[in-house]
1. Using a Förster distance of 30 angstrom, determine the FRET efficiency expected from the C-beta separation of TYR88 and SER148, and round it to 0.05.
2. Which value, in debye to the nearest 20, gives the size of the charge dipole of the stretch 125-224 about its Cα centre, when Lys and Arg are +1 and Asp and Glu are -1 at the Cβ?
3. Would you work out the relative contact order for the chain, in percent, from Cα pairs under 8 angstrom that are 6 or more residues apart?
4. Roughly speaking, to the nearest percent, how much of the stretch 118-224's 1.4 Å accessible area is carbon and sulfur?
5. In the P(r) worked out for the chain, what percent of Cα pairs fall beyond 20 Å?
6. When Lys and Arg each count +1 and Asp and Glu each count -1, what net charge do the other residues less than 13 Å away from SER107, Cβ to Cβ, add up to?
7. Placing +1 at every Lys and Arg Cβ and -1 at every Asp and Glu Cβ, with all other atoms neutral, what dipole size does the stretch 175-224 have around its Cα centre, in debye to the nearest 20?
8. How large is the dipole of the chain about the Cα centre if only Lys and Arg carry +1 and Asp and Glu carry -1, each at its Cβ, rounded to the nearest 20 debye?
Amino acid sequence: MKKLFLILNLSLLGLACSKSGKDDDPSFQFAKGFGRSEERPEGVPFVWPVGLRLVGEPGTGDECFDAIYKQKRLFGHGGGVAVCLNFYNETDKPITLKLPPGLMFVSKTVEAQNGLLLTVVTIEVPPKEQYLAQLNMMCVNPPRSSSSGYEYEAQPIVTDHPALRPLIDLLANKRCNYEYYGGDYDSQLALEIGATISVAAQDLIYGKPIHKQEQQAIAAIPEK
């Protein structure tokens, strides 16, 4: 039953990534890797903390199902792109991993969305332990497919889209992420917040202002 609930929620978040394109300006120039651009996104490689190793490549199947529903290890916001991360802390102390706004996991194919964080995500990885966590991100390439079943590059990058900077500032002191709401898909509020962020970001990526409805919804997100 939980797995069915997970699939349904991912489907709903996938709808938030869809865009009809009817009102798009065909001459609009997207930033590389955003919108209809099929170029690879630009950014600097994200450096993992010393002693923390990512085992294998990011997964997009059900590898993190138990981590989400038993250990409550769902992080980030949105869900058009959801990657399972397998960490190993090689040290004798916990490692605090901070993923910054602008962190992007790049799809290996233009058929699937690139995934982007617009908020800080903090994950504490215990010492000498394999630690599975799912990271949910907003989609930036409507109308590409969601991440399910596709492969992502193991090395994330940190990118900077100028149009998204004001939205990042708006969200900086907001409780946007799943980890604030129990760390699994049971929070309807976290789902709604993720969908709101995705729609607002898509407006900006396509060169448009954030619609009033999303502005009001962002203002209503609880403060940290």
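The values are calculated or read from the model by the stated rules, or taken from the named source; none is laboratory data. Model, not experiment: these values are computed from the prediction. Cβ sites come from the backbone with ideal geometry, for glycine too, and all protein chains shown count toward neighbours. Protein only, heavy atoms only, side chains kept; ligands, DNA and RNA dropped before computing areas. Shrake-Rupley method; radii C 1.70, N 1.55, O 1.52, S 1.80 Å.
1. About 0.75, to the nearest 0.05.
2. 260
3. It rounds to 26 percent for the chain.
4. 51
5. Tail of P(r) above 20 Å: 56 percent of Cα pairs.
6. Net charge in that neighbourhood comes out at -3.
7. 260
8. Roughly 280 debye for the chain.
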